[in-house]
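Novice: Please see the structure below; I have some questions.
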């Protein structure tokens, strides 16, 4: 006779990486880190409005961290990879859970953002790759390597403004940030639910908080390309 | 009573048919003791047995309310409620174990209603003057069944119970006169299979669907017990069927079932009809002095909480007088306006919220605004296979528990006592009494290869072939409807000799027509709901006859059995203890042949036979 | 009223299945959706077509047998209502109605609109109970339970195991069902003894049955005929996190 519930229980690592709820917790935790990073990144970027000195100081500070910067980078990278990997894995499993689709599909209350997480996620992933190549590795724009400020430091301020002077790049950037934030509208509220901090009274509030944060982050990020496009942010001395 | 040594229990195999309150609790408890259990149900999961439909509650004599309740009082109320047509011993035992059931269910995690102090809450129910009913909102049956089911699945998980869902019992197999197995049909594949065991337990519920329209699940049927009856088990008191007073009235030909509104509603609702015949005014326009609160008028001490049979019959009376309400004229008002005024909508919502919602969904009327309309409907069957004190039928090894047996409710069941009986039988009675049979009969390790199983399988297959071969024009469902109409008309809430004799002419004729003109499509070797239905209807068409014979035989009015010839001047039931203080147990003599009556006299040593009065 | 039905027909589990179109005539507003199908079936039988098979039993919204995805929504989209309680007054003359079985890998089709939901039974077998034998238990009032706890346990225990949550979830996840049971028992002192074991075992079995993962769409709560809220899922997640570092047998 078959018996159920008497099998050997899963180990802790197996619970986290294979159990449906475990995977979700991983998504929530890695998502939280990614969210914190996005928030920090935005606050860092906004220093551009305080002028060239301030931003370049900040960049220099980050670089001066040396090995610590690399630790942070590896840490962030690992979390990001887990988030992407688990996200894709969850989606593939979810698709497999309903091999035969409905002829007539309908949705009652699932938000569009919740239903498009995989697509906004993958779009964000490709943007991040491009973004790193653009500003961090500087492969897409090799001329950035030569940009230095008066103190001989990499002139991040000018790089950003040069970058966004290209309207195409600016628009791509705005769309991408929009997707990130749309992803966050579901992600932020979802994190709370996944770690069990939710109830019917809290839920509508949570949804509002998620949307507010997402919109604020969106505005924060796009203020820079918009600033460049509308000439609020300008290159030092009016050009190179 | 003999016992089986714990180490020897694993040598015994038990078959339990049905997984409602009685079946699930019995299967789980037997498995816990170490017996090997096979459990069967026709539903897709054991959790869906129709005990789940019970709403109101479960009785126990805990006396938590300090209102003078006791085991004796519960016993007496049950005997009296049953109009002195049940066995004293069985009922007393039932009252004794009732308290254990509550404890057991609480330990399983049944979320009974609680008071703010954390103690169990009680409500009052029809036919009792103490508050002894435990409840879980309006879903007590569901919660108790899920409790029993949780005990059952725990044993399934452990491998101690093997569960066969979507499997319907087709026949009982006797070996040397002992019940040693069953033949079943796998409803998914249509395969006919045999299962052998040392004893068979039937927990297959009641036969209320003989009326077609009832509050029972559409799958509920008489087949398992009827097959056992055909194999020699006695059928006791088939005419004792309860008509529940508070159901949503019938609304059209298409209707497949009647929905029960828990009796607990009568705690706060007031039942009335207009004083004037054919008064078509909307209820809110009928002034207070033109309303007839007939239960309060006729039974001042019990009022709206009069027992079910009395409430039902009173509703029928006022409707027959032409004072019924609603489009069909078969309905009475159950009005909450006073209770809402007294307690506030909030309290009423807390007590009956889900019932009000259900009513609203079905009728599109808001019971907070307009009174509910209710009418009686077939609900529970007190009759069933005859069993002895050990719950064993006259066939050794065949045990019958829950609604399927006849034992505890006499001629009428009190509210909240069905759940009590089902669980008492399953948790606390059968597990002890079955060991007596085992110890006497011994473990026999019977194989299904024996000729008796082959023969039974062949009979089952032949019968299915016969049904499939008729290839007529009418569906089994239409026959069921017609049978229901006959039964309701001539054998329903009020019966008389002429009507019953008429029924005994109509039923065989309908049965003959069925076997000439029923239409079953599809294949026998496949999932086939029309074939399932046809098989069940075929059994109802035979069973209906013993029902009518019993009603005809019982020339008295008692409990739910009301013979128009036997009533007092003011229309109350007139019991005849001299001639009818017995259990009528019928023995099968062949289809269409009058069954043989056996009488088990009822001796009352502890209670005095009194006229049941609720005035 | 008259309606056009598009109904999934599938002879058995091996058959591929297809949509068929039928007409429903003279449907009255007081009929339930299933009674409407009964009427259609009577007509089909008269024409010699095998009737549409669907699971049903109590027809009052408590047994959980009835299923059906009606116009893409399990139980037809009226809040707090099962298919058997759904009345035809929610439709209008001339409507086209799509009727499909619950779709999930873990719920294979048995025939037409019937599916096999035994995966739910197996999940509960894994831990959806209190390990207590019949007999030696304390008095029902021995352990007081705060009324609010009992009420919240009851809210979760109201689950009828119909599977609409799975059918509605874009991922065919069984989280609402599993969480309802975990939450019901987590609110009660009787359930607390085995809480770690229960949640881990039930989640493990749920995964094994091939249900999808919860991604917080909350479609399940929208179709739950017993109005069970997704807070039970949050509660189960909490129970799971709590159990995560603990060793169970």
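FYI, it's all coordinate maths here, none of it is from the lab. Not measured: the values here are computed from a predicted model. Backbone-built Cβ (ideal geometry, glycine too); neighbour counts: all protein chains shown.
Novice: Calculate the all-directions average of the projected area of the protein assembly as shown's alpha-carbon convex hull, and give it in nm².
Specialist: Averaging across all directions leaves 47.9 nm² for the Cα convex hull.
Novice: Just to confirm the number: angle between the C-alpha axis of helix A:117-131 and the first principal axis of chain A, 0 to 90 degrees, nearest 10?
Specialist: That helix lies at roughly 30 degrees to the long axis.
Novice: Another one. Classify segment B:381-459 as rounded, prolate or oblate from the Cα gyration tensor: take a ≥ b ≥ c as the square roots of its eigenvalues, call it rounded if a/c is under 1.5, otherwise prolate when a/b beats b/c and oblate if not.
Specialist: prolate
Novice: Next question. Give the angle, between 0 and 90 degrees and rounded to the nearest 10, that separates the Cα long axis of helix C:33-46 from the longest principal axis of the Cα atoms of chain C.
Specialist: Helix C:33-46 and the main axis of chain C meet at about 40 degrees.
Novice: Given only helices, namely DSSP H runs of n ≥ 4 each adding -39500 (n - 2.57), what is the per-residue ellipticity at 222 nm of chain A, to the nearest 500 deg cm²/dmol?
Specialist: Per the formula, -23000 deg cm²/dmol.
Novice: Relative to the longest principal axis of the C-alpha atoms of chain A, give the angle of the C-alpha long axis of helix A:167-194, reported between 0 and 90° and rounded to the nearest 10°.
Specialist: So the helix axis and the longest Cα principal axis differ by about 40 degrees.
Novice: Any chance you could get the radius of gyration and Dmax over the Cα atoms of segment C:117-243, in Å?
Specialist: Using the Cα atoms of segment C:117-243, the pair Rg, Dmax is 14.4, 45 Å.
Novice: Oh, and also: Could you give the Stokes-Einstein D for segment B:34-103 in µm² per second, using the C-alpha Kirkwood radius, 4 °C, 1.567 mPa s?
Specialist: 88 µm²/s
Novice: How high is the relative contact order of segment A:57-188? Use alpha-carbon pairs under 8 Å, at least six apart in sequence, and give a whole percent.
Specialist: It rounds to 28 percent for segment A:57-188.
Novice: How long are the three semi-axes of the equivalent ellipsoid for segment B:453-555, computed from the Cα gyration tensor as the root of 5 times each eigenvalue, in whole Å, largest first?
Specialist: After diagonalising the Cα gyration tensor, the semi-axes are 29, 15, 10 Å.
Novice: Hey, another quick one. Quick one: A:147, C:236, B:392, B:1, fewest Cβ neighbours within 10 Å first, how do they rank?
Specialist: In increasing order of surrounding Cβ atoms, one gets B:1, A:147, B:392, C:236.
Novice: Turning to a different aspect of this structure: Considering only DSSP beta bridges with both partners in chain B, what is the antiparallel share in %, to the nearest 5?
Specialist: Counting DSSP beta bridges with both partners in chain B, the antiparallel share is about 70 percent.
Novice: Still on this structure, I have one more. Between residue B:2 and residue B:587, take the C-beta separation as r, use R0 = 30 Å, and let me know the FRET efficiency to the nearest 0.05.
Specialist: Computed FRET efficiency for residue B:2 and residue B:587: 0.60.
Novice: Please figure out what share of the DSSP beta bridges in chain C is antiparallel and state it in percent, rounded to the nearest 5.
Specialist: Of all bridge pairs located within chain C, approximately 75 percent are antiparallel.
Novice: Another one. On a C-alpha basis, how far is the centre of segment B:198-230 from the centre of segment A:89-116 in Å? Whole number, if you could?
Specialist: So the separation of the two Cα centres works out to 42 Å.
Novice: Here's something else I'd like to know. Quick one: what do you get for chain B if you divide its Cα Rg by 2.2 N^0.38 Å?
Specialist: 0.93
Novice: Counting only other chains, and only Cβ atoms inside 10 Å, what mean value do you get across the residues of B:262-275?
Specialist: The mean count of partner-chain Cβ atoms within 10 Å per residue comes to 0.
Novice: Is the C-alpha gyration tensor of chain C telling us rounded, prolate or oblate? Criteria: a/c under 1.5 is rounded; beyond that, a/b larger than b/c is prolate, otherwise oblate.
Specialist: prolate
Novice: How big is the convex hull of the Cα atoms of segment B:243-378, per residue, in Å³?
Specialist: Per-residue hull volume (Cα only) is 106 Å³.
Novice: Assign one of three labels to segment B:519-613, namely rounded, prolate or oblate, based on the Cα gyration tensor with a ≥ b ≥ c the square roots of its eigenvalues; rounded applies when a/c is under 1.5, prolate when it is not and a/b is larger than b/c, and oblate otherwise.
Specialist: prolate
Novice: Still on this structure, please answer the following. In whole Å, how far is the Cα centre of segment B:388-413 from that of segment A:120-155?
Specialist: 84 Å
Novice: May I ask you to derive the relative contact order of chain B, considering only C-alpha pairs under 8 Å and at least 6 residues apart, and to give it as an integer percent?
Specialist: 20 percent
Novice: Taking the simple approach of a point 7 Å from Cα along Cα-to-Cβ for both residue C:4 and residue B:70, what is their distance in nm?
Specialist: 7.3 nm
Novice: Neighbouring Cβ atoms within 10 Å as the yardstick, rank C:89, B:48, A:101 fewest first.
Specialist: With the sparsest Cβ surroundings first, the list reads A:101, C:89, B:48.
Novice: Quick one: if you stick a label point 7 Å off each Cα along the C-beta vector at residue B:523 and residue A:88, how many nm between them?
Specialist: For the pair residue B:523/residue A:88, the computed spacing is 4.6 nm.
Novice: Which residue fluctuates most in the GNM of chain C (Cα springs below 10 Å): C:222, C:158, C:46?
Specialist: Of the options given, C:46 has the highest mean-square fluctuation.
Novice: Normalising by the residue count of segment B:243-378, find the relative contact order in percent from Cα pairs under 8 Å and 6+ residues apart.
Specialist: Relative contact order here is 36 percent.
Novice: Using alpha carbons only, how many angstrom separate the centre of segment B:336-376 from the centre of segment B:62-103?
Specialist: Measuring centre to centre over Cα atoms gives 31 Å.
Novice: While we're looking at this one, here's another question. For the modelled label position 7 Å from the Cα of residue B:604 along Cα-to-Cβ, which residues of segment B:371-396 have backbone nitrogen atoms closer than 20 Å?
Specialist: Correct set: B:382-383.
Novice: Could you work out the helix-only [θ] at 222 nm for chain C, with each DSSP H run of four or more residues adding -39,500 (n - 2.57) and the total divided by the number of residues, to the nearest 500 deg cm²/dmol?
Specialist: -10500 deg cm²/dmol, from helical runs alone.
Novice: Taking chain C as a Gaussian network, where each spring joins two C-alpha atoms under 10 Å apart, which residue of C:123, C:145, C:228 fluctuates the most?
Specialist: Between C:123, C:145, C:228, it is C:145 that shows the largest mean-square fluctuation.
Novice: Can I ask one more? What's the Kirkwood radius of segment C:3-111 in Å, using all Cα pairs?
Specialist: 14.3 Å
Novice: What order do you get for A:126-134, C:4-12 when each peptide is scored by the mean count of other beta carbon atoms within 10 Å, highest first?
Specialist: C:4-12, A:126-134
Novice: Taking just the alpha-carbon atoms of chain A, what radius of gyration and Dmax come out, in angstrom?
Specialist: Computed over the Cα atoms of chain A, radius of gyration and Dmax are 21.4, 83 Å.
Novice: Follow-up. For segment A:1-144, max minus min Cα coordinate along each principal axis, in Å, sorted largest first?
Specialist: 74, 41, 27
Novice: Of A:64, C:32, A:158, how do they rank once you tally other Cβ atoms within 10 Å and put the fewest first?
Specialist: Fewest-to-most Cβ neighbours within 10 Å comes out as A:64, A:158, C:32.
Novice: What 222 nm value per residue comes from the helices of chain B, counting each DSSP H run with n ≥ 4 as -39,500 (n - 2.57) and dividing by all residues, nearest 500 deg cm²/dmol?
Specialist: -11500 deg cm²/dmol
Novice: How many percent of DSSP beta bridges within the protein assembly as shown run antiparallel, rounded to 5?
Specialist: 70 percent
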